[in-house]
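Remarks on the structure that follows.
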Amino acid sequence: MRARWTLRRAMIEDRFRTSSRSPEPPDRAAGGEYTPPPKNGQPPGGGEPAISIVLPAVNEEAALPGTLASIARQCEAPPFEVILADGGSDDATVATFTRVTRDWDSRRVAARVVVSGRRGRAVQMNAGAAAARGAVILFLHADTALPGGALRAVSEAMADDAVSGGGFALAFADGGGLLRLIAAWATVRSRLRRIHYGDQAPFVRRSVLDRIGGVPQLALFEDLELARAVKRAGGVVSLPLAVGTSARRLREAGIARTALRFAWLKLRYALGGDPDELARRYRHVR
């Protein structure tokens with residue numbers, strides 16, 4: 001069984017190497033617990049989208065336009081929806097999302113805002129996913145751009161029922177030798193371990209997300225635990241297409257220093273460290 005899946009996975013990944021209406025007023029999600037949507041629910045614009053992109057964000061008005069532009073360029077994608085899961089931004093994040101998506105073709109893509117009951121990436125991811133109607137949920141950071149053909153690649157990969165989810169290769173939008181090395185290591189690690197972190201635009205089958213109870217409610221490493229749960233649920237695909245993420249947080253405190261501190265955090269977490277305490281002591285790594 002494992003051999004058959006390994007062969008299928010290799011064929012899927014090989015194939016990729018060769019190969020809206022105005023948003024509604026924001027919905028408000030009460031809390032952080034994941035609640036699957038009603039099976040008869042419909043997204044804005046009618047019809048079921050193939051993919052739901054969930055954008056958790058707080059005060060991201062500057063980063064959003066670039067990310068949304070990369071989504072708008074998914075011209076070969078099946079119908080999809082984009083949900084901004086806002087954590088109570090103090091800036092023009094929601095207004096920017098509304099303005100940019102207002103002129104999108106509602107026959108292909110629906111766009112809307114969900115305001116989370118409280119801040120926190122896991123909380124906001126669950127709020128967005130609970131409102132989503134797609135058969136596949138893709139979580140995208142507000143400062144990460146999708147490559148051309150990304151949604152089509154996701155759709156083709158998820159056509160195999162044995163696949164529970166996956167993610168992309170990693171690249172930094174503002175490069176440099178050390179950043180390229182970090183990105184290359186992250187990409188190799190994800191292909192070897194079948195674990196994709198949040199900045200690699202992880203995607204998961206809706207039925208799998210329902211079965212595992214949504215995104216784990218952790219202040220830190222919620223993406224790691226989600227990836228582990230998805231891996232336990234079935235096959236994981238590492239797409240060779242690379243998302244382009246911002247290195248702003250690495251640069252703020254120094255690239256090498258931040259990378260080493262994050263590695264230290266992962267070690268402490270692996271040794272049983274409390275994620276809430278780790279998040280309180282090292283807020284700048286997010």
Do the conditions hold for Arg206, that is, is it of a type in the set (D, E, K, R) and closer than 25 Å to Leu267 by Cα? no
Is there a residue being within 25 Å of Leu226 (Cα to Cα), at pLDDT below 95 and in a strand (DSSP E or B) anywhere in region 67-83? no
Has region 234-241 got any residue that is among the aliphatic types (A, V, I, L, M) and part of a helix (DSSP H, G or I)? no
Consider Val230 carefully, then state whether it is closer than 29 Å to Arg261 by Cβ, over 16 Å from the mean Cα position of the chain (by Cα), in a helix (DSSP H, G or I) and at pLDDT 95 or above. no
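Every residue, every condition in (1) of a type outside the set (S, T, N, Q); (2) farther than 25 Å from Ser70 by Cα; (3) over 17 Å from the mean Cα position of the chain (by Cα), yes or no:
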residue	(1), (2), (3)
Gly120	yes, no, no
Ala127	yes, no, no
His141	yes, no, no
Leu181	yes, no, yes
Thr187	no, no, no
Ile212	yes, yes, no
Leu226	yes, no, no
Kindly indicate whether Ile195 is surrounded by fewer than 24 Cβ atoms within 10 Å (Cβ to Cβ) and in a loop (DSSP other than H, G, I, E, B). yes
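Can you go through Asp210, Asp276, Asp199 and tell me which one is out of contact with any strand residue (DSSP E or B) (no Cβ under 7 Å at 6 or more places or on another chain) and under 27 Å from Glu156 (Cβ atoms)?
Unique residue meeting the criteria: Asp210.
The values are calculated or read from the model by the stated rules, or taken from the named source; none is laboratory data. These numbers come from a predicted model, not from an experiment. Methodologically, a virtual Cβ is constructed for each residue, glycine included, from the backbone with ideal geometry; neighbour enumeration extends over all protein chains shown.
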